[in-house]
Amino acid sequence: MNDEHKLLAYLPLMVLAAAALVAVFHILTFW
Amino acid sequence: MAQAPSAPRSSLLREFALQQAPLILAALALGFVTAYLQHGFVPGADRPYPLAGVRVPVWHVIWMGAWTGYTMALVGQAAGIFALPYSTSVLQFSNPHVTPSTLLLTFLNPIGALLGFRRTGQWNLHFAGWLCAGGVLGGLIGPFLRAGLLADVDVFRLLLGLALAFVSVQLAQKALSGFAAGEKAPGGGVGAPRIVTLARERARITIGYRGGQWTLHQGVLFALGATVGVISSALGLGGAFLIVPFLVVVYKVPLYVVPAATIPYAVALSATGLLTYCLLLPLLGAAPLAPEWAWGFFAAAGGIFGSWVAAKTQLHVPEPLLNAMLGAVLAAVAILYVTNFFFPLPFRF
């Protein structure tokens, strides 16, 4: 597995983490 | 889809520029145009969406479509399963208009995949036809359920919670069995095996793919499509979450063949549901439930991109782990919704 494929393997986790952060930002800003 | 990661980077870029970017740009443009036509301005962080009653920046709606489309496509589900609870709970868009708005997402999101499947021969209208016909019937009925019994937000969330629980069980089961669609998934490119019709006798159809064959009863497909269509169009989902387990458990159709039926089904069901919400409800004396068109188009623009990225990178993703994680998230949301119906929780969500 080369580095690019390793990055792709972790991409879903990074996307979910980003989604959680954006959700928290939205709740703090707009609720 | 499966062989794409080994394709040269330039061919991927060309594919994106020629096939995906026009769809994404069209969805974005339609988002702005429909915002002006429907409201006279573009809602966002400063001015709330009039029907939704919430302020959400445009980029956030696009992002919601992108991340839900990406993660759910990786595990073979539609974006709506995540986008609907995210819209109702995080973005606080929880009135009945959220359902047709999400239906616009479930209508547009699979179109890219549908075109791709058609190009590579991975679709079979004999397989999908009666299911879609049932979906059209369900899409005519479900919106009336939403405008009546499910108009109450808690009842709606209870049913949505049950749907999410059902999906989380599916994902958990896939995680435990170590399922990964991998190279067997349809749409593997030109020259890949096709899903063919082997026989059509009376109401039965036999389809074949990669040496396997499955006989299905078209009356059962129609009834399944109609039943699932009522529930899905009332909630704002594409329906695959119920169709897939039925076909897999009852007819033993492999998971990687089922999208040939569920993708056109989601498009047909969502289109009919949208028409019913906008036109049929007022024609029959009920109040129309218009979607936030701009919301749906912005989310779809992100969703098309997310689903495409998922299709191109799926081979490198630890699918069982992802099934477990997403199943756990959905289970947690489902528990919140169902619990809140019986024992109102002391916090807002």
For a Förster distance of 41 Å, can you work out the FRET efficiency between the beta-carbons of residue B:17 and residue B:210, rounded to the nearest 0.05? 0.80
C-alpha long axis of helix B:293-313 to longest principal axis of chain B, angle in °: 30
Determine the gain in length on full extension of the stretch residue B:217-residue B:194; use 0.36 nm per residue of separation and subtract their C-alpha separation, reporting nm with one decimal. 6.2 nm
Give me a single rounded figure for A:17-29: the average over its residues of other chain Cβ atoms within 10 Å of their Cβ. 4
Please report the base-10 log of the normalised intensity I(q)/I(0) for the protein assembly as shown, using a Debye sum with one equal scatterer per alpha carbon and no solvent, at each q in 0.11, 0.13 (1/Å). -0.74, -1.06
So what's the angle, to the nearest 10 degrees on a 0 to 90 scale, between helix B:319-342 and the longest Cα principal axis of chain B? 40
Ratio of the Cα radius of gyration of chain B to 2.2 N^0.38 Å, where N counts its residues: 0.95
So what's the back-of-envelope 222 nm ellipticity for chain B, counting only DSSP H runs of four-plus at -39500 (n - 2.57) apiece and dividing by all residues, rounded to 500? -20500 deg cm²/dmol
By what distance, in whole Å, do the Cα atoms of the range B:53-134 stretch along each of the three principal axes, largest value first? 43, 25, 20
Taking Cα atoms only, helix B:21-39 is inclined relative to the longest principal axis of chain B by an angle, in degrees rounded to 10, of 20
Length added when fully stretched, residue B:115-residue B:47, from 0.36 nm per residue minus Cα-Cα: 20.9 nm
Both in Å, the radius of gyration and Dmax of the C-alpha trace of the range B:287-349 are 17.2, 48
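Just so you know, all these numbers are worked out from the coordinates, no wet-lab data involved. Since the structure is predicted, the reported quantities are computational estimates derived from the model, not experimental observations. Cβ sites come from the backbone with ideal geometry, for glycine too, and all protein chains shown count toward neighbours.
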